[in-house]
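Accompanying notes for the structure given below.
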């Protein structure tokens, strides 16, 4: 169990690093939501930077899939059925993000050594919209995953219950933001508010779990496992 905690902690940490770099340091810096021409020009002129962002997203996806296995093994003694359910929804999230990532890869291919054009701008805009929609749907499934994982942690006797509560709060942040983005035509007017609803509980909840997993995984004292069998 100590080794599983170590793997899970490292995987979560890599997701934080790779995801924040790819999304916030690279992708958001290249996109100007109010100007298709500038966005397309940025992709063309910063092609290598865009490629490094895609690599970051790929690394994030790899460790996300790794967590399906490690978190299942970490929580299965509490409830194997619920652990399977949590894994299923995290896999769904990974599948949707993988398909979304292919949209960015298509943009990468289209903007390699080409000149800007209205047609290219339209295609890039459509692909970015598809990427955002697919990732949002995937995050809804991720939110459900966090609810089940949070419940498993709350029922566990070897992981602090507070971490489970924080994950459930983070889950509702993902779900509220995702539903708003998919249903509200004026979502951009409230984007900053919804980002706070997502980012704050996510950073507090998932990063707290990451720190706990790393401490449990790397400290010399053995990891003691106790559990209560549930459905």
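The values are calculated or read from the model by the stated rules, or taken from the named source; none is laboratory data. If you're wondering where the values come from, they're calculated on a predicted model, not measured in any experiment. Here the Cβ is made from the backbone with ideal geometry for all residues, glycine too, and neighbour counts use every protein chain on show.
When you look at residue 56, is it within 27 Å of residue 125 (Cβ to Cβ), surrounded by 15 or more Cβ atoms within 10 Å (Cβ to Cβ) and out of contact with any strand residue (DSSP E or B) (no Cβ under 7 Å at 6 or more places or on another chain), yes or no?
yes
Which of the residues spanning region 113-141 are in contact with a helix residue (DSSP H, G or I) (Cβ under 6 Å, 6 or more places away or on another chain) and either at pLDDT below 95 or farther than 19 Å from residue 47 by Cα (or both)?
Listed by number, the residues that qualify are 116, 130, 134, 135, 136, 137, 138, 139, 140, 141.
Looking at (1) closer than 22 Å to residue 204 by Cβ; (2) touching a residue at least 60 places away in the same chain (Cβ under 8 Å); (3) surrounded by fewer than 15 Cβ atoms within 10 Å (Cβ to Cβ), which is the only condition residue 71 fails?
All conditions pass for residue 71, except number (3).
Would you mind stating whether residue 120 is under 22 Å from residue 170 (Cα atoms), surrounded by 15 or more Cβ atoms within 10 Å (Cβ to Cβ) and either without any contact (Cβ under 8 Å) to a residue 40 or more places away in the chain or more than 23 Å from the chain's Cα centre (by Cα) (or both)?
When the stated conditions are applied, residue 120 does not pass them.
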